[in-house]
Amino acid sequence: MSDVRLTPEPIALFNPAFRTAPFAAERRVQSGPPAALAASAETSRFLDFDFQQSGVDAVLEKISSRRPDLPFAYVVTPNVDHVVRLERIRSDLWPAYRRAWLTLCDSRILARLADKAGVHLPVVPGSDLTAALFDRVIKPDDRVAILGGSPEMIAKLCHRYGLNNVQHFNPPMGFIHDAHQRSCAINFLVQARARYTVLAVGSPQQEILAWKVHMSGAATGIGLCVGASLDFLCSEKTRAPRMFQQLSLEWLYRLAQEPRRMWRRYLVDGPQIFAIFQHWRRSA
């Protein structure tokens, strides 16, 4: 079994307790599916999600004004891929989304479908939110924990924003299926005691971990499930031009960039969203 990999100082601040009790936090996770949360004045229900009725500025205000010592809460950013997975493949993941503090629409396609049903959904892409957080909210001395990404990428991020209190852990590929590695990731997030935690290990891994950390009751701060956002922020990957984004064609740009990895997501799974939408509309 591979060792836990932490980036070296000064980017990562190693906690000696991290190796001594690798399964403690996961044991505290409570089982049992939560009830769906009722839509409030600040949310709109669409496709069984309670999406925030807030744009980027309002979301940033919510995040920055939340006390850092409060119990861990997390933000999810569902897009078409997430919705299809939940509705057609992994319904067991619903608790991870329903326990989220904020649910933000990360898809202009979802927003357009919602509009057809008379539901207004502000689009707050995870990539835009991540960039705005580092540009406008996160201060150099704020404690930040990052799960995922290479040491070189984290060093670039720290240099760009002058961050000097960052802890980083990059779990191995497939960690979510390994109980030991999964527990190591959870314990890292719990013991980091960060004000801002960036989970950048892809969906649904990041949502599963955020949910487990939340259910442990042992962590504080805010978690942000933002997928490849750090890759875009650090220029590891190129985001679609603004024109593609505005035309809801960001998926086409990503497909052209990574056809072997993305073809099934965008050409086979993605189109199922239209049948899902029609079924939801008939039963709503």
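The values are calculated or read from the model by the stated rules, or taken from the named source; none is laboratory data. Keep in mind that what you see is a predicted model, and the values were worked out from it rather than measured. Cβ coordinates were reconstructed from backbone atoms using ideal geometry, including for glycine residues, and neighbour counts include every protein chain displayed.
Quick notes on this structure:
- Residues in the stretch 66-80 that are part of a loop (DSSP other than H, G, I, E, B) and either exposed (fewer than 12 other Cβ atoms within 10 Å of the Cβ) or among the aliphatic types (A, V, I, L, M) (or both): 3 in all.
- Count of the stretch 216-235 residues, restricted to those that are farther than 16 Å from residue 127 by Cβ and out of contact with any Lys or Arg (no Cβ under 7 Å at 6 or more places or on another chain), is 2.
- Selection of helices (runs of 4 or more DSSP H) fully inside the stretch 183-271 by the criterion of at least 1 residues being polar (S, T, N, Q) returns 205-216, 229-233, 242-246, 250-257.
- Considered as a group, the residues in the stretch 89-144 that are of a type in the set (S, T, N, Q) and not in a helix (DSSP H, G or I) include one that is farthest from residue 70 (Cα to Cα), and that residue is 107.
- Residue check, residue 140 surrounded by fewer than 21 Cβ atoms within 10 Å (Cβ to Cβ) and either out of contact with any strand residue (DSSP E or B) (no Cβ under 8 Å at 6 or more places or on another chain) or acidic (Asp, Glu) (or both): yes
- Among the residues examined, residue 63 qualifies as of a type in the set (Val, Ile, Thr), in contact (Cβ under 8 Å) with a residue 24 or more places away in the chain and surrounded by fewer than 23 Cβ atoms within 10 Å (Cβ to Cβ).
- Looking only at residues of the stretch 212-244 that are at pLDDT 80 or above and among the polar types (S, T, N, Q), we find that the one that is surrounded by the most Cβ atoms within 10 Å (Cβ to Cβ) is 229.
- Contact map, the stretch 107-134: residues that are closer than 23 Å to residue 230 by Cα paired with residues that are acidic (Asp, Glu) and buried (at least 22 other Cβ atoms within 10 Å of the Cβ), Cβ distance under 6 Å, separation 6+ or inter-chain. Pairs shown: 125/106; 126/106.
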